[in-house]
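The values are calculated or read from the model by the stated rules, or taken from the named source; none is laboratory data. In this text the structure is predicted, and so the values were computed from the model without any measurement. Cβ sites come from the backbone with ideal geometry, for glycine too, and all protein chains shown count toward neighbours. Accessible surface is based on the protein model in full, side chains and every heavy atom, while ligands, DNA and RNA are left aside. Shrake-Rupley method; radii C 1.70, N 1.55, O 1.52, S 1.80 Å.
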Amino acid sequence: LRQFIPVPQTLTSLLPSSHSYRGLTLVLTFLSYTSYHLSRKPISIVKSQLHPNCSALGPNPHNDSNSTTWCSWVPFDGNNYNELFGALDNAFLVAYAIGMFISGIFGERLPLRYYLSGGMVLSGLFTALFGLGYFWDIHALWYFIVVQVCNGLVQTTGWPAVVACVGNWFGKGKRGLIMGIWNSHTSVGNILGSLIAGAWVSSAWGLSFVVPGIIIIAVGIICFFFLVEYPEDVDCSPPLHHVMTTSEKDPEAVTSNEGPLSLSGQSSVDHSTSPKEPAEEPEAISFLGALRIPGVVEFSLCLLFAKLVSYTFLYWLPLYIVNVAHFGAKEAGDLSTLFDVGGILGGIFAGLISDYTGGRATTCCVMLVVAAPMLFLYNHVGQNGIGISIAMLIVCGALVNGPYALITTAVSADLGTHESLKGNAKALSTVTAIIDGTGSIGAALGPLLAGLISPTGWNNVFYMLIAADVLACLLLARVVVKEARGWCGPMARQRGYVVT
């Protein structure tokens, strides 16, 4: 179908260099997923406003009552408001998890530009509809649940599409560092979403959703006109996804395609002058075929627990700060952005270390092991002072989001272009969707468990998060052992030992 979809011709004259196309791809996909996360964040900021401490505001101005819930938004004014917040989170996250497994299959078979931009427009619409419930004075729980379910389904268009686009343009090289920096869009989106939502949370919380909805729609329209899905569409050479032997590929071609920015459209004259052969396009991989790629199952299950921890913080951290540190809704939202600042640093650090060592799984395990005691410390001493709170939030954000960022970006791209596929890059969206879809199950479980456990005390919530971190680490044990053996082999040969 992609053969019959016209590529934006404006780009051909404006961006003749393959380097420029790669830069444009990074910028557009970065903005795309920034806007996706920007639109997901407001719900965590607005929770504290849907059920605030009304007694601190004085008596009810309407009937002089001292009711403690007169300022709450029905139906979140009851004692079960935490369970209702958990239901809102899970309406989105369960729909997202289910839709993700299907989304990758569509992403491999539909034009990515249409798929991504259409999903962004629909995501903006449903995000805005949640906020319009404030202006339309809607108090029916089913309305907010239905909007969340629809939004969760359409937001699954984002991640497989943007990872596939970046994977189509970039070879392996220093993929961990590049994608670690690029993956900061998740934290940047969370930060911007928190700041935008916080600007209106106390005055008109509906705008906390409407404004992000408008932003994601605008970015989706920009992507529709300017995103280029494949290097071949603009007569550029595809990247080198794994190291090939001289019998597989001409040595000069290997040399010209090395490195993270490995496209060399200038050196591939024959390719640029001859049109693409539709009949030679590889078929998209099946779901079961993607599962058979070595490492997909292990990293998927690891991400389930890693994302459980990350999304629990995404949806519950502002409310935790309000309840434990007794900040206002806006201040708690602003302070929670420091967790995402740490996430940016953690993603870059994880990508850099994994590129240098060649151990994606080992990097994830080390960060997960260190994250467990840091979460314990944050819960017990993190609110003892503003300085300690800031430092602990940044450190915890780096350790929690570092492995999550590495798995969903560089690891997904590595596995989607695995050498066992023999150069077939048509598995990127499917592999990405399987890994992120499995992780999204954890993302749905985390906020749900937090809603159920938080009435028994926040300590129990953190014990649950620590246990999830440990399980995520254990699930990568086999891959870590395999990486360790790979390191020991060359070292043993250098020392003169025989490796069997």
Restricting attention to segment 311-327, which residues are surrounded by fewer than 24 Cβ atoms within 10 Å (Cβ to Cβ) and of a type in the set (S, T, N, Q)?
-> Asn323
Among the residues of segment 102-117 satisfying the criterion of being hydrophobic (A, V, I, L, M, F, W, C) and either modelled with pLDDT of 80 or more or not in a helix (DSSP H, G or I) (or both), which is surrounded by the most Cβ atoms within 10 Å (Cβ to Cβ)?
-> Leu116
Which one of Leu476, Leu452, Leu471 is surrounded by 13 or more Cβ atoms within 10 Å (Cβ to Cβ), touching a Cys at 6+ places or on another chain (Cβ under 8 Å) and aliphatic (A, V, I, L, M)?
-> Leu476
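In segment 192-203, what count of residues is obtained for those that are open to solvent by less than 30 Å² (accessible area, probe 1.4 Å) and assigned to a helix (DSSP H, G or I)?
Summing the residues that are open to solvent by less than 30 Å² (accessible area, probe 1.4 Å) and assigned to a helix (DSSP H, G or I) in segment 192-203 gives 4.
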Consider only pairs whose beta carbons are under 9 Å apart and that are at least six residues apart or on different chains; among these, list those whose first residue lies in segment 21-39 and is within 19 Å of Val154 (Cβ to Cβ) and whose second residue is outside any helix (DSSP H, G or I) and open to solvent by 10 Å² or more (accessible area, probe 1.4 Å).
-> Tyr33/Asn183
Taking interchain pairs and intrachain pairs at least six residues apart, which have beta carbon atoms under 8 angstrom, with the first residue in segment 98-123 and in contact (Cβ under 8 Å) with a residue 60 or more places away in the chain and the second part of a helix (DSSP H, G or I) and of a type in the set (Asp, Glu)?
-> Met100/Asp436
Quick one: count up the residues across segment 356-371 that are assigned to a loop (DSSP other than H, G, I, E, B) and polar (S, T, N, Q).
-> 0
Which numbered condition Ala413 misses (of (1) out of contact with any Cys (no Cβ under 9 Å at 6 or more places or on another chain); (2) of a type in the set (A, V, I, L, M, F, W, C); (3) modelled with pLDDT of 90 or more) | (3)
Which helices (runs of 4 or more DSSP H) does segment 1-75 wholly contain that include 3 or more residues that are under 28 Å from Ser184 (Cα atoms), open to solvent by 40 Å² or more (accessible area, probe 1.4 Å) and at pLDDT 85 or above?
-> 18-40
